[in-house]
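Presented below is the structure to which this report refers.
The values are calculated or read from the model by the stated rules, or taken from the named source; none is laboratory data. The structure displayed is predicted, hence computed values, not measured ones. A quick note on method: Cβ atoms are made from the backbone with ideal geometry, for glycine too, and the neighbour counts reach across all protein chains shown.
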Amino acid sequence: MTTTLPDWCRRARFAAVLGVCAALSLRHGGGLEHLTAAPQTAAAPSGSLEILEVRPSFFVIAGTANIGVQVGEDGVVVVDTGPAGEAPAVLAAIKRISPKPIRYIIDTGPDADHVGGNEALTQAGEKLVLGTNSGGGPNATDSMVPILSAEGVLRHMATFPAAAWPTDVFNYSRKYMYFNGEAIEVLHQSAAHTDSDVVAFFRRSDVVVAGDVLDTRQFPVIDVDRGGSIQGEIAALNRLVELAVPSVPIVAREAGTIVVPGHGRLCDQYDVVEYRDMVTIIRDRVRALTKAGRSLAEIKAAQPAKGYMGRYGNPGGAWTADRFIEAIYRSLSKEKS
Ligand SMILES: [Zn+2]
């Protein structure tokens, strides 16, 4: 069986290739044979974590929530910090990628598996520019590496130690900065997975780190209690579709923008379109059933996620199809009221 992996995947030098590329090869209908002999190069496994070079200046640490690592002259910019318990392994993985210090941290959302390493990583870093903290928790001191997030993350992290809180928060649509010779846009999605998600777009690397608005393992988690909504989720996916450019007209190159989901395998624009369409179709089914006067129990029984259960049902996982349907139902009825 022959498989053509996308160019960026083939080029990627892995610690352990079997994670992301294996998922990709399965998706493209291939086996694993051609991957098992992949050469070991610079990076090596850090415990259960995998390091993946997706661009010369951009790496992904996989094995927890996906962590984006941009490297260059200025140092290291990290997007998401993983769970607290993995912080030593994450730090070790970052060290393998670059000897330079961590300069900046971006949190894509408030979940513990994305912000748990904040404290350890900010303490391990070295601030590049003094005196730039523009707000955030009372812990913000001038020597700490800034942790950037949407403002709501600070609110949702009230139970975390203060040293883990974001120090640089914003509540408008687009925050930007320039690090390592490239523009970085941090785009707020106001009511998607939660009320405080951001996606981080590295314009020269052509990589978007999407956080939990995109999760290829399962239906997207919509946390209605923390301000998430189905409409905002679809809006966030549409924004990703707009940011990403696919490999056209020369499709055979399999190049194009790389979208890093919060969890699961790396995506291109087509993958995000497919995911967005899946979410939209299920939303439409739930809405039609709601309009027909069905109760939540009746809607669940009608199986509006039919056709997608095999791929996104995630049996045994915490985020079941029923919970997804319930989140859609609740967010649609909130809208009506
Ligand atoms: Zn997550």
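From the set of residues in region 228-286 that are in contact with a helix residue (DSSP H, G or I) (Cβ under 7 Å, 6 or more places away or on another chain) and among the acidic types (Asp, Glu), which is nearest to SER190 (Cα to Cα)? Residue satisfying both the conditions and the ranking: GLU233.
Filtered by the rule that a residue be charged (D, E, K, R), surrounded by fewer than 24 Cβ atoms within 10 Å (Cβ to Cβ) and in a helix (DSSP H, G or I), region 86-125 gives LYS95, ARG96, ASP113, GLU119.
Scanning region 46-85 for residues that are within 16 Å of the ligand (Cβ to nearest atom) and in a strand (DSSP E or B) yields a total of 8.
Matching residues to (1) aromatic (Phe, Trp, Tyr); (2) within 17 Å of the chain's Cα centre (by Cα); (3) at pLDDT 95 or above; (4) within 18 Å of ALA200 (Cα to Cα):
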{"residue": "GLY82", "(1), (2), (3), (4)": "no, yes, yes, yes"}
{"residue": "ALA87", "(1), (2), (3), (4)": "no, no, yes, no"}
{"residue": "ALA93", "(1), (2), (3), (4)": "no, no, yes, no"}
{"residue": "ARG96", "(1), (2), (3), (4)": "no, no, yes, no"}
{"residue": "ARG103", "(1), (2), (3), (4)": "no, no, yes, yes"}
{"residue": "ILE106", "(1), (2), (3), (4)": "no, yes, yes, yes"}
{"residue": "ASP111", "(1), (2), (3), (4)": "no, yes, yes, yes"}
{"residue": "GLY116", "(1), (2), (3), (4)": "no, yes, yes, no"}
{"residue": "ALA124", "(1), (2), (3), (4)": "no, no, no, no"}
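Each residue in region 168-184 was checked for being closer than 21 Å to ARG226 by Cβ and in a loop (DSSP other than H, G, I, E, B), and 3 of them qualify. The residues in region 188-223 that are away from the ligand (no atom under 11 Å from the Cβ), part of a loop (DSSP other than H, G, I, E, B) and of a type in the set (A, V, I, L, M, F, W, C) can be counted, and the count is 4. Scanning region 224-251 for residues being part of a helix (DSSP H, G or I) and either in contact (Cβ under 8 Å) with a residue 40 or more places away in the chain or within 21 Å of ARG330 (Cβ to Cβ) (or both) gives a total of 14. The set of residues from region 281-310 being assigned to a helix (DSSP H, G or I), without any contact (Cβ under 8 Å) to a residue 12 or more places away in the chain and among the basic types (Lys, Arg) comprises just one member, LYS291.
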